[in-house]
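The values are calculated or read from the model by the stated rules, or taken from the named source; none is laboratory data. Bear in mind the structure is a predicted one, so any value in this text is a computation, not a measurement. All Cβ positions, even for glycine, are placed from backbone atoms using ideal geometry, and neighbour counts span all protein chains on display. What goes into the accessible areas is simple: the full protein's heavy atoms, side chains included, and nothing from ligands, DNA or RNA. Shrake-Rupley method; radii C 1.70, N 1.55, O 1.52, S 1.80 Å.
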Amino acid sequence: MSLSFAPQTPRQTTIAKSKKMSTTTEQPTAPPLCRRCKEHDGIYVLRNEPPHCRGCYEYFIRSKCVKRMESYKIRADDQNQIPTFLLPISFGISSTSLLYLIDSQLAGQRQKVTRTRYRLKILNVDESVLDPSLPSGSHLEVVKQRFPDAGDYIASKLEDIYSFTECADIPDLEKKDANKSPRECMQELLTALPSPTSREDMAGILRTRLIVAIAQREGCSGILWGDTTTRLADKVMAEAAKGRGFSLPWQISDTKSPYGLKFLHPLRDVFKKELVTFVTEITEPPLVPLCIAYSLTPKHSAAAATSGRNITVGELLTQYFDNMELQYPSTVMNVVRMGDRLKPSNPEADPCTTCGLPADENSEGLTLGSREDTGEARGKLCYGCMRATHGAAPHSWPVM
Ligand SMILES: [Zn+2]
Ligand SMILES: [Zn+2]
């Protein structure tokens, strides 16, 4: 069994050292037995507990996901209609693992009771408009080949948001060219935003709104997000740092979002590093070739982070929690619990024109321009969106 993954971990260094020593002084010792089944070699450490074998490791991850899915009590409605859920897949390790786990849960249900409790649609949003080095949507075909029975596959591009929206100019300005392609509109919008953090923030909002719009078009009753404990913790801090603390109850909890769909996070009890081992060493054949958005080397080095160059608040916090979960997993869990306990301050408030969430008391009126507009405030901006667009050049925003 390979132990070659993540050569930088301290555990790996110890193994390498003891191997070296054993050639001269010690006999190599056999790995201990798995603590769960007590049958196979236990070589994978889980939650600092004595080692598990491959099968028991997979069982652990699977049961975390299944337990959450069971807790959602997904059933057919009174008319015997089976609900449909949308699973957005970014080709990273979390959403790919979630697809793997849901696919096998559905296969199990088909075998046992001939029909599944819910249907799945799998969506990829191609975001190459943000950065040409991001994975292309064409990879969805490869994923489909691996999970042909999981559900319908939908390919989309971030700029498709324009087919669900009308555009409002901020501030009021003459439309320069109505014949621009959606991609050009999106590029122009991103260039107008004042900083990399603001671009990342607003791109995230556009992504969520597009995923919601597609889920609604496809008649879905909810969205299954791939977020792990680690990712949820990093969201708690990043959203708070960006002045979007008010939106946390809907971003972290398993609940009905203000967009009218359920937002569920079946992997909320799994750490990211556990999924890294899962996709590289546990799944058969390994899932990792499907995870083309995942890279072993972090996109931004610690050096870049301290110099503060080219790193966004989101990236910084992702890196922080990736390191944090290795040493302080319970702190990471507590951050998520803290976010989960927050209650929306004003859920009935008018939605923010930009992010679509009920705007908080710090929101302000927004003048949206259009050709025959009177210039009166027609919308509201929440505090987070106000901050993200502060100092932006005039731009056109897709309004739902
Ligand atoms: Zn075992
Ligand atoms: Zn907003």
* When you go through ARG378, ARG371, ARG387 one by one, which is the residue that is basic (Lys, Arg), within 16 Å of ligand 2 (Cβ to nearest atom) and at pLDDT below 85? -> ARG378
* Could you list, in sequence order, all residues of segment 96-140 that are charged (D, E, K, R), in contact with a helix residue (DSSP H, G or I) (Cβ under 9 Å, 6 or more places away or on another chain) and open to solvent by less than 60 Å² (accessible area, probe 1.4 Å)? => ASP103, LYS121, ASP126, GLU127
* What number goes with the only condition from (1) within 24 Å of ASN334 (Cα to Cα); (2) of a type in the set (Ser, Thr, Tyr); (3) out of contact with any Phe, Trp or Tyr (no Cβ under 8 Å at 6 or more places or on another chain) that SER198 does not pass? -> (1)
* Within segment 217-239, can you find the residues that are small (Gly, Ala, Ser), open to solvent by less than 30 Å² (accessible area, probe 1.4 Å) and either under 24 Å from THR84 (Cβ atoms) or modelled with pLDDT of 95 or more (or both)? -> GLY222, GLY226
* How many residues, within segment 47-65, are more than 10 Å from ligand 1 (Cβ to nearest atom) and more than 16 Å from THR283 (Cα to Cα)? -> 4
* Consider only pairs whose beta carbons are under 6 Å apart and that are at least six residues apart or on different chains; among these, list those whose first residue lies in segment 382-400 and is in contact (Cβ under 8 Å) with a residue 24 or more places away in the chain and of a type in the set (A, V, I, L, M, F, W, C) and whose second residue is open to solvent by less than 50 Å² (accessible area, probe 1.4 Å) and in a strand (DSSP E or B). => TRP397/ALA168; TRP397/ILE170; VAL399/ALA168
* For SER90, which of the numbered conditions (1) part of a loop (DSSP other than H, G, I, E, B); (2) farther than 23 Å from LEU206 by Cβ fails to hold? -> (2)
* To do: Those residues that are open to solvent by 10 Å² or more (accessible area, probe 1.4 Å) and at pLDDT 90 or above, I need them from segment 240-256; list them, please.
  => SER253, ASP254, THR255, LYS256
* Asked: Taking segment 186-235 as the search range and keeping residues that are among the charged types (D, E, K, R) and not in a helix (DSSP H, G or I), which one is farthest from THR277 (Cα to Cα)?
  -> GLU218
* Asked: Mind checking whether some residue in segment 49-72 is open to solvent by 70 Å² or more (accessible area, probe 1.4 Å), touching an Asp or Glu at 6+ places or on another chain (Cβ under 7 Å) and part of a loop (DSSP other than H, G, I, E, B)?
  -> no
